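Enquirer: Can you read through this structure? Questions will come right after.
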Amino acid sequence: MKILLCGDVNSGKSTLIQKLVSDIGKAPRGYITVRMPEDETGISHVYLYDISSPPGRIEDAQVIMEIRGDKFDRRPEYMSSIAAPILEGIPEGSLVVLDELGTLEEHEERFKNAVMRILSGPYDVLASVKAQNTDFLRDIRRHPDCELYIITPENRNALYAQLRREYNI
């Protein structure tokens, strides 16, 4: 089982992954990114953490991006220095969550190699993939071992039921 969910912001990708992980009942490995609402200074932070050892508070996780209006302070190097080692240490046969794959990591070779190894290897995968057209994201969406599903607010409940049926979850 290698499920890729592609959709717009707020389409339900992460929520659907969380529901499927809960239904599968197997301890997940991998990483999660979380965007928090703007704080009192007008900055929104995007955090990354290891799903197998979540922080007590999201603010204790690693900030990988700060957003102020339409200005982005991106820290793509954390995808290779933090997320890649998480993926590289995952035992074969694990349930792997990649939430989410986007444009930040386009030039992070170590991270990209770790993702492609997971997608090609003996793992079960639940991944959210941004819809943007970069070489890396296109390669993921076209990966021959994966099934790509488009999620929208209108189809997310039906897609959840469909995936449970198709994969006997």
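Derivation of every value follows stated rules applied to the coordinates shown; laboratory data play no part. Here the structure is a predicted model, which is why all the values come from computation and not from measurement. In this analysis, Cβ positions are derived from the backbone assuming ideal geometry, glycine residues included, and neighbour counts consider all displayed protein chains.
Enquirer: Students often check this: by mean Cβ neighbours within 10 Å, which of 123-131, 44-52 ranks highest, and how do the rest follow?
Expert: Result, highest mean Cβ count within 10 Å first: 123-131, 44-52.
Enquirer: Compute the projected area of the convex hull of the Cα atoms of region 74-126, averaged over all viewing directions, and report it in nm² to one decimal place.
Expert: For region 74-126, the mean projected area of the Cα convex hull comes to 3.3 nm².
Enquirer: Kindly state, as a whole number, the per residue volume in cubic angstrom of the convex hull around the alpha carbon atoms of region 76-169.
Expert: 99
Enquirer: Moving on. Q132 versus E77, label points 7 Å from Cα toward the beta carbon: distance in nm?
Expert: Modelled inter-label distance: 2.0 nm.
Enquirer: Would you mind giving the average projected area, over all directions, of the Cα convex hull of region 1-91 in nm² with one decimal?
Expert: So the Cα hull casts an average projection of 7.1 nm².
Enquirer: For the chain, what number of Lys pairs, 8 or more residues apart or on separate chains, have alpha-carbon atoms under 21 Å from each other?
Expert: 11
Enquirer: So which GluC sites (Glu not before Pro) in region 1-83 are both in a DSSP loop and have at most 10 other Cβ atoms within 10 Å of their Cβ?
Expert: Answer by residue number: E40.
Enquirer: OK, next. Give the peptides 152-162, 109-119 in descending order of average Cβ contacts within 10 Å, highest first.
Expert: The densest-packed peptide leads the list: 109-119, 152-162.
Enquirer: Where both partners of a DSSP beta bridge lie in the chain, what percent of those bridges are antiparallel, to the nearest 5?
Expert: Close to 40 percent.
Enquirer: For region 41-122, what class follows from the C-alpha gyration tensor (a ≥ b ≥ c being the square roots of its eigenvalues): rounded when a/c is under 1.5, otherwise prolate if a/b is larger than b/c, else oblate?
Expert: Oblate, since a/c reaches 1.5 and b/c is not below a/b.
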